[in-house]
Amino acid sequence: MKHISKRDITAVILAGGQAKRMNHQDKGLVLFKGKPLISYVLAAIQKELPRVLISANRNLKAYQAFGEVIVDSLPKFQGPLAGVFAALEIITTKYLLVLPCDSPFVEACLVDRLLKCMQQSNTDICVATDGKKTHPTFALINTNLKDNLDNFLAQGHRKMIVWVENNNAQKVDFSDYKKLFVNLNYFKDFDTV
């Protein structure tokens, strides 16, 4: 079993999307029950990890009110992997926890379970699954994959699930916490949760 502590992990909250399904409003800043979506994710993990980054491509001053903001090094909204790569370029910890900004029911157990997977396995990515679907934006990644990701992006690839599946990844079962993955993509979703 590998000795890994939470001090070995930096988190990045992905808030750099275009939010096409929300009329291009910045999803992390959209209010849900009176608070910006990103605030729920921050509340769940800020006490768990020493450093939390926010990957954003617009409204940077608004996001700075929540914490340390990083911007993709790739131009024009290249997807979540661009935010992951931007984080990997600057962090000094051995692991990166990746989370989306639009999942308000994230809980600290996510960190614990992904960390346990990384401690007990010989893998580079521990990725959450709800028992049926893999959720690549809920993952713990070994930072030794930085060059691998750089090459993947340089080849024009952008799908996070493809990159995860092309690497030494292990799925972590969260079928008992399916609410973690509730993802608010449309304004109509806000009325159903």
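Screening LEU42 on (1) in a strand (DSSP E or B); (2) under 19 Å from LEU114 (Cα atoms); (3) among the hydrophobic types (A, V, I, L, M, F, W, C) shows it passes everything except condition (1).
Tell me the residue from LEU88, LEU99 that is touching a helix residue (DSSP H, G or I) at 6+ places or on another chain (Cβ under 7 Å) and closer than 15 Å to ASP8 by Cβ, please. Please lay out each step first, then the result.
On the way: LEU99 fails: closer than 15 Å to ASP8 by Cβ.
Unique residue meeting the criteria: LEU88.
Under 21 Å from GLU68 (Cβ atoms) and of a type in the set (Val, Ile, Thr) - does that describe any residue in region 99-119? Yes: one or more hits.
Checking each residue in region 161-187 for being touching a Leu at 6+ places or on another chain (Cβ under 8 Å), assigned to a helix (DSSP H, G or I) and modelled with pLDDT of 95 or more picks out only TRP163.
Can you spot a residue in region 79-87 that is surrounded by 17 or more Cβ atoms within 10 Å (Cβ to Cβ), touching a Gly at 6+ places or on another chain (Cβ under 6 Å) and within 22 Å of ILE161 (Cβ to Cβ)? Yes, that holds for at least one residue.
Select from region 104-115 the residues that are hydrophobic (A, V, I, L, M, F, W, C) and either buried (at least 19 other Cβ atoms within 10 Å of the Cβ) or in a loop (DSSP other than H, G, I, E, B) (or both) and list them in ascending order. Residues satisfying the conditions are PHE105, VAL106, ALA108, LEU110, VAL111, LEU114, LEU115. If you check ASN151 against the conditions, is it of a type outside the set (A, V, I, L, M, F, W, C), modelled with pLDDT under 95 and surrounded by fewer than 13 Cβ atoms within 10 Å (Cβ to Cβ)? The answer is no for ASN151. Within region 116-135, being among the hydrophobic types (A, V, I, L, M, F, W, C) and either in a strand (DSSP E or B) or surrounded by fewer than 22 Cβ atoms within 10 Å (Cβ to Cβ) (or both) holds for CYS117, ILE125, CYS126, VAL127, ALA128.
Within region 136-156, residues that are in a helix (DSSP H, G or I) sit with their Cβ atoms under 8 Å from residues that are acidic (Asp, Glu), at 6+ positions apart or across chains, in these pairs: ASN144/ASP124; LEU145/ASP124; LYS146/GLU89.
Has region 89-101 got at least one residue that is part of a helix (DSSP H, G or I) and either in contact with a Ser or Thr (Cβ under 7 Å, 6 or more places away or on another chain) or crowded, with 19+ Cβ neighbours inside 10 Å (or both)? Yes, region 89-101 has at least one match.
The values are calculated or read from the model by the stated rules, or taken from the named source; none is laboratory data. Note that the coordinates shown come from a computational prediction; the quantities given were computed from them, not determined experimentally. With ideal geometry, Cβ positions are generated from the backbone for all residues, glycine too; neighbour counts draw on all protein chains shown.
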